[in-house]
Each structure stands twice: as structure tokens, then as C-alpha cells.
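Asker: Before we start, here is the structure in question, set down as C-alpha cells.
The values are calculated or read from the model by the stated rules, or taken from the named source; none is laboratory data. Predicted model only: the values in this text are computed from it and were never measured. Don't worry about glycine lacking a Cβ; one is built from the backbone with ideal geometry, like all the others, and counts go over all protein chains shown. Protein only, heavy atoms only, side chains kept; ligands, DNA and RNA dropped before computing areas. Shrake-Rupley method; radii C 1.70, N 1.55, O 1.52, S 1.80 Å.
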Amino acid sequence: MMETLSPKTIDEVRGHVHRYAYDRSTIRPGIVHLGIGAFHRAHQAVVVDDLLSEDPSWGIVGASLRRPDTKDALAPQDGLYSLLVRDGGGTSARIIGSVVSLLDARRERDALLERLADPLTRLVSLTITEKGYCYNAVTSSLDETHPEIAADLADARNPSTAAGLIVEALRRRRNAGIAPFTVMSCDNLPNNGRVTARIVTDFAEAIDPALGAWVRTNVAFPGTMIDRIVPATTDADRAEALEMLGLEDRWPVVAEPFLQWVVEDRFNGRRPPLELGGAQFATDVLPYERMKLRMLNGAHSMMAYLGYLAGHEYVSQVVADPPFRRFIEGAWDAEIAPTLTMPPGVLEDYAAALMKRFSNPALKHRTYQIAMDGSQKLPQRLVGTIADRLRRGLPVDRLALGIAAWITYARGTDMQGKQIDVQDPHREDFVIAAGRALGDPEALLDNFLKLDRIFTEDVRNSRHFRRTLAAQYETLHQLGPAEAARRAA
Ligand code: CS2
């Protein structure tokens, strides 16, 4: 039987595979990461892996909040895993050692809270996806009606949400006279530092106003812009890891070569030297974040829905299809970039670099993966851009085609009537919106536009937008995605 990757077998890993240069027994845990999925392991954990030989006090304890699968796969490997980096030229492999232990929040809540409250823990980072924040963007506050938040508020000593866990840990630290940790969101949310500050402070305030006030004055919530394309791991990736390592890795992660991490320089106490792993510290991350969300993620979501409807499985196939490629370039150039303020030339270079990244044929990034959770993604990726343009009286045809493709996708059937397995926390609302429309496209669009967590009032009430959306929806349904993209480009 093939042996499994672990500290015991690490010396058997094939010679061409890179591996961490530090002695793992000297690493102390300084970071607790909530949401230890593939993205964290292919991004922040890699940067931390690069700095541990200089500063061994920033090992990562990775916690899974929802599913225990990462812990179950990696615990027997003592947290070791491989990162496969793919570009057109091939794949390189590297063993990452920065995740020093793993916890499953559901089964090991006490251990997780103890670790969070431990003075060694100085940074709590998060990749819990957009929906994990339970943030209501309409009221700019914690959604206290969210069932999981409501349950945590009712039993705040036994939390299971990110906000609840962080607040209970901060409460324990405050009682014990231990300085608070820094809380750093690494999710694709606009103003992720402020949103995280808000949900944590709101939660604390709701259970104890004094604790809320303490959190507000004492805890730092730096904003971040994080970027790396990380497709979900497949069995083919596992087979490739086995081949490259000469050992079994139960859960390798796959990524493109590109990695960017811009971090607002706002920490409680000493900050981790993330620059040693290529991160940049900045006083203001918002311009970077907005550029990334609107240009990269905005294009991603439009390609996901249009591409999926056109039968393309991967992003690289979408951009290899000329009408879609021109459509995305046109959307950047004519509709998205003009809403951003960057020094001259930056956006052109950024767009060109994005197109190269999207074209990476080795990456196999599925349109279906990006299409998930659209309700959580569209506001910051497309709707905000649309709102900015409407305010200035500018056309929004391409962005409206993106929304028309999303509505088509979200209603649950493609143009040939084939079912789509829509994954979204608001899926039920989509079923109702589509059901009530009884097949009438005008009613369908109206029903979807009423989803006020997604469409802000200015967009919902704009007659110009409504007309443009209807026109794009009609073209999409009469002529198909490629022709609609060609006409809009
Ligand atoms: C993607 C992102 O799945 C998605 O919604 O748009 O995960 C994207 O790959 C990353 O943000 C890239 O940094």
C-alpha cells in the first residue's frame, strides 16, 4: 500500500518537490484560522509557510466551522499537505507545513475556544465565505434574525458561528486580562475589515453592552485584499499529487502561480511579517479591493453564468471563445474600469494580466464553482458597479447581460429547459420568484429585482436599468449566450 504524507514519511517525498525549511517542532501557534478550506491553504498558509523560518511564533491552528472533512483528511498527516501550482508549462509541487494543528468547531468547540483565548494566539483570520458573516448589507449590521446567529445569541457561551466564537473568546480574554487578538477577514467582501468589525461588535453588544464597548475600542480589524485562483480539488489532482510526491496526500490544493495579498497595517500588537511571503502592507486597501472585486470577481461571475449557459465547463474555455473574450474585455474597458480610480495605466495592465490568468488551461476552474452563492457575490461584484454608472447616467448593457444570465441560472433551468442544481443560501427565494412568474419573463425579472439583499434601491427602481435588463434577457433567450455576448461586446 502507498504510504501517506506525514512528518514521519516526509523524507520519502520525491526530490523535486519543495518543502518548508524550518524545524516544525519549533513552531508555536500564533494564528487561529476559521474556515480552513482550500483557499486558505493555497493562499495565507503559503505566505505564512514562507515566514516561519524567520519567525516561528506564527504557526496556524486551522478550524473548520461547517464540515469536518479537512480536519479528517489532514489530521493523520499532522497538518501537512501539498500545494500544486499549475501554469501552461506544467505543475510544481510544494509541501506546506504551516498548519500545525486542526480543530473541528462542532466537535471540539471547547478546545477551539481555549486556543482562541490563549495568549499565544495573536491573530484570528477568516475565510468563511460571504455567507459566513451573516451581515445584512441593507442595514449595514449583523443579521440577528439569521437562525444561526439567533441561536448563538441565545446561548453565547456555546457558539458555532464565526461572530459568536470570536466574541466568546474575546470575552474570556478580557476577563482574564489578556490582550485581544487581531481579527482579519480574508474573504471577498467589500470593506471586509469594517464588515467584520461590525458583526463582531454587534454580536458583543447584543449580549453585553460593556463587552461591545471594549471590543470597539480594543480590537483591530484590518481590511485585506486577497487574490489567488484556487479551483476545488479533484480526484485527478489527488492522483497527480501522489505521482509527484511518491506518497498519498488525502487533500492537496491546487492554484495558479499568481498570489496577491494586500493587508491594512492595523494590528493589535506585533504584526506577523507577512511581507516575507510576498504580502504587502498598506494604509488603505479599499482601492485595491474594489478593483479586484469589480474587475476579477465581476468578470468571473459574468463568465460563470454566461459560460455555464453556453455549455462551457471551465473559465479557460469561456475566454478561449472569441465572443465571450471580447465581451469581458469590453465590460472591463467600457463599463467597469471607468468606475475605479487608479493611477494611469494600472487598470489596463491589470485587465491584461487577468486575461492571461483566466486563460490558464491547466487550471480547470469550473464555471459551476464560481456560480455558487451568487446572492452573496453579485452586490459587490456587479450591482455596485451598475449603481455607480446609473448615478452618472452611463450605459450598463454588458453588466445587465451578466445579471440576465444570473437570473436565468438562478431560476434553475437553462435555455433548453435543463435543470440546474443551484447552490445558494437564497435558493428558496429564487424558486418562489420563478414560480410566481408563471413563465412570463417580465414578471420573472420584476420578481428577481425585488430581492432587496441583492439589488439596492437605486438599481431596483431605475427604469433605465429595468429596460436594459429586459432587452439583454430577451437577446440571451432568443439568440443564446454567445450571440448575446457578441452583440453586447
Ligand atoms: C471566484 C473567486 O469562486 C469565485 O467566486 O470568483 O473565488 C476567485 O477565484 C478568487 O477571488 C480569486 O482571488
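Asker: Based on the Kirkwood radius over alpha-carbon pairs, what value in µm²/s does the Stokes-Einstein equation return for the translational diffusion coefficient of the stretch 384-435 at 20 °C and 1.002 mPa s?
Answerer: 172 µm²/s
Asker: Considering the Cα trace of the stretch 37-189, what is its radius of gyration and what is Dmax, both in angstroms?
Answerer: Final numbers for Rg and Dmax: 16.7, 55 Å.
Asker: Moving on. Give the ranking of 300, 312 by solvent-accessible surface, highest area first, calculated with a 1.4 Å probe.
Answerer: Sorted descending by solvent-accessible area, the residues read 312, 300.
Asker: Need the C-alpha centroid separation for the stretch 143-174 versus the stretch 248-300, integer Å.
Answerer: Centre-to-centre distance over Cα atoms comes out at 27 Å.
Asker: Work out how much length residue 25 to residue 421 would gain on full extension: take 0.36 nm times their residue separation and subtract the Cα-Cα distance, in nm to one decimal.
Answerer: Here the answer is 138.0 nm.
Asker: From the mean inverse distance of alpha carbon pairs (Kirkwood) and the Cα radius of gyration, derive Rg over Rh for the chain.
Answerer: Radius of gyration over Kirkwood radius for the chain works out to 0.97.
Asker: Which whole-number percentage describes the relative contact order of the stretch 392-489, with Cα contacts under 8 Å and a sequence gap of 6 or more?
Answerer: 38 percent
Asker: Between rounded, prolate and oblate, where does the stretch 217-271 land on the alpha carbon gyration tensor, with a ≥ b ≥ c its root eigenvalues, rounded for a/c under 1.5, else prolate if a/b exceeds b/c?
Answerer: prolate
Asker: Turning to a different aspect of this structure: Give me the accessible area per residue for the stretch 232-361, probe 1.4 Å, as a whole number in Å².
Answerer: 41 Å²
Asker: Another question, if that's okay. Sequence gap at least 6, Cα distance under 8 Å: using those rules, report the relative contact order of the stretch 325-444 to the nearest whole percent.
Answerer: Reported as a whole number, the value is 24 percent.
Asker: For the pair residue 320 and residue 150, how long in nm is the line joining their label points, each one 7 Å along Cα→Cβ?
Answerer: With each label point 7 Å from Cα toward Cβ, the separation is 4.9 nm.
Asker: For the stretch 46-151, report the accessible area per residue in Å² (1.4 Å probe, heavy atoms, rounded to an integer).
Answerer: Computed with neighbouring chains in place, this is 36 Å² per residue.
Asker: OK, next. Net charge within 12 Å of residue 157 by Cβ-Cβ distance, Lys/Arg positive one each and Asp/Glu negative one each, not counting residue 157 itself?
Answerer: So the surrounding residues net to -2.
Asker: Find which of 199, 74, 244 sits farthest along the positive direction of the dipole of the chain, computed with +1 on the beta-carbon of Lys and Arg, -1 on that of Asp and Glu, about the Cα centre.
Answerer: Farthest towards the positive end: 199.
Asker: I've got another one for you. Looking at the chain only, what percent of DSSP beta bridges run antiparallel? Nearest 5 please.
Answerer: Around 35 percent of the beta bridges assigned by DSSP in the chain are antiparallel ones.
Asker: Also, quick follow-up: Which number do you get for Rg(Cα) / (2.2 N^0.38 Å) in the stretch 180-317?
Answerer: That ratio works out to 1.34.
Asker: Could you calculate the FRET efficiency of residue 12 with residue 463 from 1/(1 + (r/R0)^6), where r is the beta carbon distance between them and R0 is 60 Å, rounded to 0.05?
Answerer: Between residue 12 and residue 463 the formula returns 0.35.
Asker: Return the lysines within reach of residue 356: Cα separation strictly under 29 angstrom, same-chain partners fewer than 8 residues apart disregarded; answer none if there are no such residues.
Answerer: The qualifying lysines are 292, 364, 377.
Asker: Please state, to two decimals, what the Cα-based radius of gyration of the stretch 247-299 comes to when divided by 2.2 N^0.38 Å (N = residues).
Answerer: Computed over Cα atoms of the stretch 247-299, the ratio equals 1.51.
Asker: Still on this structure, please answer the following. From Cα pairs below 8 angstrom and at least 6 apart in sequence, can you work out the relative contact order of the chain, rounded to a whole percent?
Answerer: Relative contact order here is 14 percent.
Asker: Additional query: Binned at 10 Å from 0, what are the whole-percent values of the Cα-Cα distance distribution for the stretch 337-489, short to long?
Answerer: Spelled out per bin, shortest first, that is 10, 36, 38, 14, 2.
Asker: Sorted by packing (mean other beta-carbon atoms within 10 Å per residue), highest first, where do 133-142, 418-427 land?
Answerer: Ranked from most to least packed, the peptides come out as 133-142, 418-427.
Asker: Would you mind telling me the share, in percent, of accessible area of the chain contributed by carbon and sulfur at probe 1.4 angstrom?
Answerer: Carbon with sulfur: 50 percent of the solvent-accessible area.
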